[in-house]
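Every number here is computed from the coordinates shown, using simple stated rules; none is lab data. From a predicted model like this one, the values you see are computed outputs, not experimental measurements. Cβ atoms come from the backbone with ideal geometry, glycine included; neighbour counts cover every protein chain shown.
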Amino acid sequence: MERLTELEHEPARALAAEYMHEADILLGRLPRRVARHYRREVEVRVIEALNGGRNASADTVARALDLVGPPGHYLPSEIAGQAARHAARTLNPRRVVEALRYGAMSGPGTAAAVSVLGLLYAAAAFAIIAGIARLISPDAAGVYQLANGAYVLGVGGNHSEARDVLGILFVPLSWAFGAGLYTALAQLLPVVIRERSRRR
């Protein structure tokens, strides 16, 4: 048997179709090609649990599905792990978002960890955007020293009375910080997801 639609008994096919529908819901936000890949992996997992038997009864299919487990128990962590590994190799932002999204669906511990990483990714993006803004307008962003001696990161030109500490150097420094943080987080992401998944 190559496809679950080849099951001979209609009640068995209905159970398998319901299970695959659960997987389809989880895969709905992935690119179509990637979703098809994971959908096939889920289908193969069920077929292997059935030992490829086309004449399996509804009870046999139900037992096989219990053995495999609901898609929500294993699919998000597998998707997050693979996306994170790809992001670490390519630094692809789309893969980062994919890993964070499905990591958040992989259990409370993983969700908390990827939420923290998500905030750090936002900080990296902010640093790069702030550098671009400063390049466009000298008053858009910078590091300023206030009259009381305190240093602040100013955005939007609200520190006209303060001293601009870095000047135009803010641009390459903010880009270097943002790019460095992004790269470090991309390498850390698969490690965090893998370790959290092991503790589930």
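For the chain, averaging the sequence separation of C-alpha pairs within contact (under 8 Å, six or more residues apart) and dividing by the residue count gives a relative contact order of 19 percent.
Considering only DSSP states other than H, G, I, E and B, which chymotrypsin sites (Phe, Trp or Tyr not before Pro) in segment 77-138 qualify as loop sites with at most 16 other Cβ atoms within 10 Å?
Loop-located and lightly packed - none at all.
Just to be sure I understand the rule: take each whole DSSP H helix in the chain, project its Cα atoms onto its long axis, keep it if the span is 30 Å or more and its mean Kyte-Doolittle hydropathy is at least 1.0. Which ones pass?
Going by DSSP H runs, the hits are 108-136.
Straightening the chain between Arg36 and Ala147 buys 34.0 nm, computed as 0.36 nm per residue apart minus the Cα-Cα spacing. Over all other residues within a Cβ to Cβ distance under 13 Å of Ala58, the charged ones net out to -3, with Lys and Arg as +1 and Asp and Glu as -1. Mean separation of Cα pairs under 8 Å and 6 or more residues apart, divided by the residue count, gives segment 1-69 a relative contact order of 45 percent. Of the residues Ile128, Ile25, Ile79, the one that moves most in a GNM of the chain with alpha-carbon contacts below 10 Å is Ile25. Note on Phe177 and Ala17: with the Förster distance fixed at 35 Å, the Cβ-Cβ geometry gives a FRET efficiency of about 0.10.
Within the set [x] 28, 22, 17; [y] 88, 76, 44; [z] 51, 14, 12, the number that semi-axes √(5λ) of the Cα gyration tensor in Å takes when calculated for this structure is listed as [z].
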